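Student: Pasting a structure here, questions to come.
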Amino acid sequence: MDGMAKTSTTTQGLRAAIERSGYYPALVAEAVEAAVGGEPIRSYLVHQETTFDQNEVRRHVTVLVLTGTRFIVSHTDEQAADSTSPTPYATTSTESVKLDRISSVVVSRVVANPEQYTPGTLPREVVLTIGWGAVSRIDLEPAACGDPNCEADHGYTGNSTADDLSLRVSEAGDGPETVREAMAFAQAISEATADLTR
């Protein structure tokens, strides 16, 4: 009974967070709920962002949902009228990733005055990067040896980075509660993927 009550509360909390974002809540909620299906929600994060593109103000919302078996990403963008549509429109996409496909969870924290840091203090900024192999970036550069006079071709060196999702939240731009929610979601997905390796 407790599990069912918690699931219901979590689902209601997700819907309330989507509605609070104020960004086409009916459209966003329907897309997320369809992707989640009947699976219980373990954790979620709703992040609404406003960007400036030349003379236009554009809004985006990203919803991250963690269930017992999947990580769901929903992203909604609004578009101005263009040659394909005489009226403004929105595009919503969802992706469902099995937890065992997640290869990395990176949490970067920015803290002010690190010499005075107290454990539990909220970071000023958090960047959550999650990789599951759908998008990889390869950075190459010419390889060299230690001899400054060497003119031989040593080929290339570089690295490959999984970079499927990167989400940045800051206390100044999004408020301390959103930073706290991002940290909680990061911990939940880190724990969920660690459980799979045990």
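Student: Can you work out the Karplus-derived ³J(HN,Hα) for every residue in segment 40-47? Use 6.51 cos²θ - 1.76 cosθ + 1.60 with θ = phi - 60°, whole Hz, and x for glycine or proline.
Tutor: With the stated coefficients, segment 40-47 comes to x, 8, 8, 7, 7, 8, 10, 10 Hz.
Student: Let me ask something additional. Ignoring everything but the protein chains, give the 1.4 Å probe accessible area of Thr50 in square angstrom, nearest 10.
Tutor: Surface accessible to solvent at Thr50 totals approximately 70 Å².
Student: For Gln79 and Glu30 in the same chain, what is the full-extension length gain: residue separation times 0.36 nm, less their Cα-Cα distance, in nm?
Tutor: Details: separation 49, 0.36 × 49 = 17.64 nm, distance 1.92 nm.
In short, 15.7 nm is gained.
Student: Tell me which residues come under 5 Å, amide H to amide H, from Ser43 once H is placed; ignore anything under 5 positions away on its chain.
Tutor: So Ser43 has HN proximity to Leu66.
Student: Expected output is a single nm value to one decimal: the length gained when fully extending between His60 and Ala143, i.e. 0.36 nm times separation in residues minus the C-alpha distance. What is it?
Tutor: Numbers: separation 83, 0.36 × 83 = 29.88 nm, distance 4.03 nm.
That pair, His60 and Ala143, stretches by 25.9 nm at full extension.
Student: Continuing with the same structure: At 1.4 Å probe size, what's the solvent-accessible area of Asp100? Round to the nearest 10 Å².
Tutor: 120 Å²
Student: Given Cα positions, please report Rg to Rh for the chain, the hydrodynamic radius being the Kirkwood one.
Tutor: Working: Rg = 20.5 Å, Rh = 19.3 Å.
Value, to two decimals: 1.06.
Student: For the chain, set up a GNM with springs between Cα atoms under 10 Å and report which of Val32, Val111, Val179 has the largest fluctuation.
Tutor: Top of the fluctuation ranking is Val111.
Student: Which value, in Å² and to the nearest 10, is the accessible area of Thr91 when all protein chains are kept and the probe is 1.4 Å?
Tutor: 70 Å²
Student: So what is the calculated 222 nm ellipticity per residue for the chain, using -39500 (n - 2.57) for each DSSP H run with n of 4 or more, over all residues, to the nearest 500 deg cm²/dmol?
Tutor: On the way: 4 runs with 56 residues, N = 198.
When only DSSP H runs of four or more count, the value is -9000 deg cm²/dmol.
Student: Right, next: Suppose every K and R has +1 on its Cβ and every D and E has -1 on its Cβ; what is the size of the dipole of segment 1-98 about the Cα centre, in Debye to the nearest 20? Mind showing how you got there, number by number?
Tutor: Values: 8 positive and 12 negative charges, 86 e Å.
Magnitude of the dipole: close to 420 debye.
Student: So what does the Cα-only Debye profile of segment 1-98 read at q = 0.12, 0.14 Å⁻¹, as log10 I(q)/I(0), no solvent term?
Tutor: Here the Debye-derived log intensity ratios amount to -0.42, -0.55.
The values are calculated or read from the model by the stated rules, or taken from the named source; none is laboratory data. Model, not experiment: these values are computed from the prediction. In this analysis, Cβ positions are derived from the backbone assuming ideal geometry, glycine residues included, and neighbour counts consider all displayed protein chains. For accessibility, only protein heavy atoms count, side chains too; no ligands or nucleic acids. Shrake-Rupley method; radii C 1.70, N 1.55, O 1.52, S 1.80 Å.
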